[in-house]
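Just below is one structure, and these are the notes that go with it.
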Amino acid sequence: MDVITSHLGVFGRGLLVSLELSGSTFLFAGLLGLLLACCRISPVLPLRLLGRAYVAVLRSVPLLVLLTLFVFGLPEIGMVYSLFWTAVTAMSLYWAAFFCEAVRSGVRSVPAGQIEAGRALGLSFFQVLRLVVLPQSFRSMVQPLASLLIAVTLNSSLASAVGVTQELTGQTELLDQQYAQPLVTFGAAALCYVAITLLIGRLAALTERKLMVVR
């Protein structure tokens, strides 16, 4: 355990970078996923087809493959920026497809009669979406979005495979190479991920409970 106690700062910095990576990815994936969900439920056929094609393609590509394509492909076309933001870009594009489907499933939970009532009042498609559909559908999206955030956080460890060694798994690998104690180092990293997962689950449960009270 001396490897852990003497390198708490390393684990702390790695955990912080992992949280920054996951948080940034979830934010940008959420914005793009919401836009894609609007396209998928739009009355405009080309937008629906575009959203459907995006989701179908991105969900069919392994995340590690997409990360590799971005890290080694973008410099080939003259786009060079930090590995951290390259990973965030690739992961955001990937998880946006899943975010889109989570939002779309939540929208489906809203009774069609309320949507029709909104249209009867003269509201536009986006007004119905913003004022009627999304506020109600959010209640049913809490757990799916929490599960998605957990998946984003756990899969952020793949960024270490393409050079983002500052995050938790990357730092753990460096420590293991130095001390050859994989059970101890990766066991500590696993406990960190478990703690994050439990915290997200707890916050999701509290949020869902409060929304049920408001309802």
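Under 14 Å from the Cβ of Glu20, count the other residues' Cβ atoms, weight Lys and Arg +1, Asp and Glu -1, and hand me the total. With Lys, Arg at +1 and Asp, Glu at -1, the neighbours total 0. Between the Cα long axis of helix 168-179 and the first principal axis of the chain there is an angle of about 10°, rounded to the nearest 10. The residues of the chain have, on average, 54 Å² of accessible surface per residue, using a 1.4 Å probe with all protein chains present. With springs only between Cα atoms under 10 Å, which of Met141, Met91, Met79 fluctuates most in a Gaussian network model of the chain? Sorting by GNM fluctuation, first place goes to Met79.
When the dipole is taken about the Cα centre of segment 143-215, and only Lys, Arg (+1) and Asp, Glu (-1) are charged at their Cβ, what size is it in debye, to the nearest 20?
Roughly 520 debye, rounded to the nearest 20.
Charges were assigned to the Cβ only: +1 to each Lys and Arg, -1 to each Asp and Glu. The resulting dipole of the chain about its Cα centre is roughly 1160 debye.
Using alpha carbons only, how many degrees (0 to 90, rounded to 10) separate the axis of helix 134-155 from the longest principal axis of the chain? Once rounded, one gets 20 degrees.
For segment 142-215, state the semi-axes of the equivalent ellipsoid (square roots of 5 times the eigenvalues of the alpha-carbon gyration tensor), sorted largest first and rounded to whole angstrom.
33, 13, 6
Between Gln166, Gln143, Gln127, the residue with the greatest mean-square fluctuation in the GNM of the chain (Cα pairs under 10 Å linked by springs) is Gln127.
Selection among Thr89, Leu129, Val65 by position relative to the dipole of the chain gives Leu129 as farthest towards the positive end (Cβ unit charges, Cα centre). In the calculated pair distance distribution of segment 90-147, what percentage of Cα-Cα distances lie above 20 Å? For segment 90-147, the fraction of Cα-Cα distances above 20 Å is 32 percent.
Would you mind checking segment 162-182 for residues with the amide N under 18 Å from a putative spin-label position 7 Å along Cα→C-beta of Val80? Counting only backbone N, you get 163-164.
Between Leu50 and Leu19, the simple label model (points 7 Å from Cα in the Cβ direction) yields a spacing of 3.7 nm.
Could you check how much of the accessible area of segment 74-215 is carbon and sulfur, as a whole percent, using a 1.4 Å probe? The nonpolar share, carbon plus sulfur, comes to 65 percent.
Between Ala151 and Leu123, the modelled labels are 2.9 nm apart [label points 7 Å from Cα along Cα→Cβ].
Three principal axis extents of the chain based on alpha-carbon atoms, in descending order, are 68, 48, 23 Å. The GNM of the chain, with springs linking C-alpha atoms under 10 angstrom apart, assigns the highest mean-square fluctuation among Leu183, Leu63, Leu49 to Leu183. Helix 63-73 and the longest principal axis of the C-alpha atoms of the chain enclose an angle of approximately 80°. Think of it as helices only: each DSSP H run of n ≥ 4 in the chain is worth -39500 (n - 2.57), and spread over all residues that comes to -26000 deg cm²/dmol at 222 nm.
Charge tally for Arg48 (other residues, Cβ to Cβ under 13 Å; Lys, Arg +1; Asp, Glu -1): +3.
The values are calculated or read from the model by the stated rules, or taken from the named source; none is laboratory data. Given the structure is predicted, the values throughout are model-derived calculations rather than measurements. We place every Cβ from the backbone using ideal geometry, glycine too, and count neighbours over all the protein chains shown. Each accessible area value is taken on the protein alone, full model and side chains, heavy atoms only, with ligands, DNA and RNA left out. Shrake-Rupley method; radii C 1.70, N 1.55, O 1.52, S 1.80 Å.
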